Amino acid sequence: MDSQTRISDLENIISEMVFIKIEKWNLYLGDAGLARNLAIECISNKDQGSLEAAKISLKAINVKVGDGLNSIPLINLITTSQILELEEILESFFEN
């Protein structure tokens, strides 16, 4: 499987399963336009193991807010349960 297909496959899974949590509102990363960047980061950090790859990747992506003058690391917008969900996704994905 080529790398672009692999990135797209992981992006599709992340898009539908991982979300940003703001108060009681869930914004899925596919809708937020963040799933592809996260997939790329996760694949590039794969050698760190699933949990560390998830954490490192979430820290590496900055989410622009407002007019884009400020940004917040994605990990600050994700719940602990979503980090564990991403870890499980990566474990399954990296096994294939």
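The values are calculated or read from the model by the stated rules, or taken from the named source; none is laboratory data. These numbers were taken from a predicted model, which means no experiment stands behind them. Note: accessible area is taken over every heavy atom of the protein model, side chains too, but ligands, DNA and RNA are not part of it. Shrake-Rupley method; radii C 1.70, N 1.55, O 1.52, S 1.80 Å.
Determine the shape class of the range 1-56: with a ≥ b ≥ c the square roots of the Cα gyration tensor eigenvalues, call it rounded for a/c under 1.5, and otherwise prolate if a/b is greater than b/c, oblate otherwise. Cα axes put the range 1-56 in the oblate bin. With helices as the sole contributors, the chain gives -18000 deg cm²/dmol at 222 nm; each DSSP H run of n ≥ 4 counts as -39500 (n - 2.57), and the sum is divided by every residue.
Prolate is the label for the range 46-91. Its Cα gyration tensor axes, ordered a ≥ b ≥ c, give a/c of at least 1.5 and a/b above b/c. Taking the C-alpha atoms only, the angle from helix 50-60 to the longest principal axis of the chain is near 40 degrees. Which of rounded, prolate, oblate describes the chain, given a ≥ b ≥ c as roots of the alpha-carbon gyration tensor eigenvalues and a/c under 1.5 marking rounded, otherwise prolate only if a/b is larger than b/c? Here the chain falls in the prolate category.
Taking every protein chain into account, the accessible area of the chain amounts to 60 square angstrom per residue (probe 1.4 Å).
Can you give me the % of accessible surface on the chain that is carbon or sulfur? Probe 1.4 Å, all protein chains present, nothing else counted. The partial results should precede the final answer.
Details: 2680 of 5780 Å².
Answer for the chain is 46 percent, counting heavy atoms of protein chains only.
Computed from Cα atoms, the angle from the helix 3-17 axis to the main principal axis of the chain rounds to 50 degrees.
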